Amino acid sequence: MYLSRIKLNTAKTKTMQALAAPSIFHGALETCEKDGRTRKLWRIDSLRGEDYVLILSEKNLDLSGMAVQF
């Protein structure tokens, strides 16, 4: 199991849209896995005034695209 964390940039319009419509985060997470779909658990969390996406997955995901997007 892998636990990953992406810091969200709330100054970006796309991030604010995703916070209002979590299906945007879901879609972005599905594109992080190239060889099939596995179960991923994720949630939005705050720590010391910063917002993060926490992701628990069975495989090591390529989250670089998602990190740039949000």
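Overview of values
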| item | result |
| --- | --- |
| Spatially proximal aspartates and glutamates relative to LYS12 (Cα-Cα < 18 Å; intrachain offsets below 8 disregarded) | ASP45, GLU50, ASP51 |
| Among 28-39, 59-70, the order from most to least packed when residues are scored by Cβ within 10 Å on average | 59-70, 28-39 |
| Radius 10 Å from Cβ of ASP45, net charge of other residues (Lys, Arg +1; Asp, Glu -1) | 0 |
| Where a label projected 7 Å from the Cα of TYR2 along Cα→Cβ would reach, residues of segment 45-70 with amide N under 13 Å | 55-67 |
| Cβ-placed point charges (K, R +1; D, E -1), dipole of the chain about Cα centre in debye, nearest 20 | 60 |
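Any read-out appearing in this document is the output of simple, stated calculations on the displayed coordinates, not a laboratory observation. Treat the numbers as computed from the prediction; the structure is a model and nothing was measured. Positions of Cβ are generated from backbone atoms using ideal geometry, with glycine treated the same way; all protein chains shown enter the neighbour counts.
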